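The structure appears right after this line, and notes come after that.
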Amino acid sequence: MRHLSKLIFLTGIILFLFTFSIAVYFSQRMNNYGETSVNSKIPNYKYHFVLVPEEVDNDYWRLVEKGAQEAARKNHVLLEYVGPKQGNIDEHLKTLEKAAASNVDGIITQSLNEEEFPPLIDSLIDQGIPVVTIDTDSENSKRISYIGTNNYYSGFIAGTKLIEDTKGEVNVAIITGNFHSSNQSLRVDGFKEAVKHEERIKIVAIEESKISQIRAAEKAYQILNEYPQVNAFFGTSALDGIGIAQIVQQLNRDYIYIIGFDTLKETIEYIKDGVINATVSQQPFEMGYQSVELMVQLLEGKKVPEINYTDTLIIQKEDLSSDKQIGGNIND
Ligand code: BGC
């Protein structure tokens, strides 16, 4: 009897050690970066890619991930979605370095600025790891391809829409994701270009939300106190329009015109309610999907185009019941 319990005890220990070492092995192989999710149901995968956004816990990026995972399943790719939980450039760069150290077959990443990202992307390419940029390009790096919005153009169409939809004097405040992000500054530049010859439109303030909805709301509130003449807002990243709309609605300033970015659920609700007038729709799902397809083609020796712009269009209330291809939202 004593023998039997000793045997059961030893078997238990051996089983425990075996499971533990397997878990450690796989967690080191596939997830040594922090916040991550993996499509671990891909047996015998052909390639291992890593997708690194500026903020993993963001509904816009979850849509990009959704598209990427769908293409990964189709192409037998093990795809890791990993990066800072909340926007943080150092963590973003470290994640890229760690992905390279674990010898992945390809890296898909947003490139946030032209100072820190190009040297790192170049060193990844020099180590033989293909890099595709997504959502925000790094034109001055050796990245192989870009897939995403033409950010300057997307800001330009927002400016054109504001001109089209308003009459008389317009004092507009811009709330942008980050001053340091190239996609955000390109959107602001495009917007400025569109309105520059329209004398009745003045840009009176520009603040950054750090891509946080709460901060966008705080900034909108602060702007309305400092510049009571503001009668229009442009929010240049996915959560800015939502933050602005919350404040405008709370303060009952229904004369204020709001144009936002992206088609997340709350944005669509605010458009239905007439609080947000229009939004620039991007194609995050499509970006994610195509980024994986591009990388697979690359690894299979095919030539891929350097620039791959996804569609950008303006969505307003009447489009919600039409066939216009809305960028999607995470609950679809
Ligand atoms: C941008 C992303 C950004 C996100 C933040 C989107 O409009 O394309 O780059 O991370 O907004 O919420």
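The values are calculated or read from the model by the stated rules, or taken from the named source; none is laboratory data. The shown structure was predicted, so the numbers you read here are calculated from the model rather than taken from an experiment. Ideal geometry is used to build each Cβ from the backbone, glycine not excepted, and the neighbour counts take in all protein chains shown. Surface areas here come from the heavy atoms of the whole protein model, side chains and all, with no ligands, DNA or RNA. Shrake-Rupley method; radii C 1.70, N 1.55, O 1.52, S 1.80 Å.
The table below gives the values:
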| read-out | value |
| --- | --- |
| For segment 134-244: rounded, prolate or oblate by the Cα gyration tensor [a/c cutoff 1.5] | oblate |
| Net length gained if the chain between residue 86 and residue 57 were fully extended (0.36 nm per residue, minus Cα distance) | 9.8 nm |
| Estimated distance in nm for a label pair at residue 222 and residue 317, the labels positioned 7 Å out from Cα along Cα-to-Cβ | 3.2 nm |
| Modelled FRET efficiency - R0 45 Å, residue 179 with residue 103, Cβ distances, 0.05 increments | 0.80 |
| Rg over Rh, two decimals, segment 89-145 (C-alpha only, Kirkwood Rh) | 0.90 |
| Sequence-separation-based contact order of segment 162-311, relative, with Cα cut under 8 Å and 6+ spacing, percent | 20 percent |
| Estimated vicinal HN-Hα couplings, Hz - segment 214-225 in sequence order (Karplus 6.51, -1.76, 1.60; Gly, Pro = x) | 5, 5, 4, 5, 4, 5, 4, 4, 4, 4, 5, 6 |
| Amide H contacts under 5 Å for residue 281, placed H, 5+ residues apart | 262, 313, 314, 315 |
| Label point distance in nm, residue 304-residue 115, each placed 7 Å from Cα along Cα→Cβ | 2.9 nm |
| Given charges at Cβ of Lys, Arg, Asp, Glu: segment 192-319 dipole, positive-most of 229, 259, 312 | 229 |
| Solvent exposure, largest accessible area first (probe 1.4 Å, DNA, RNA and ligands not counted), of 303, 219, 317 | 303, 317, 219 |
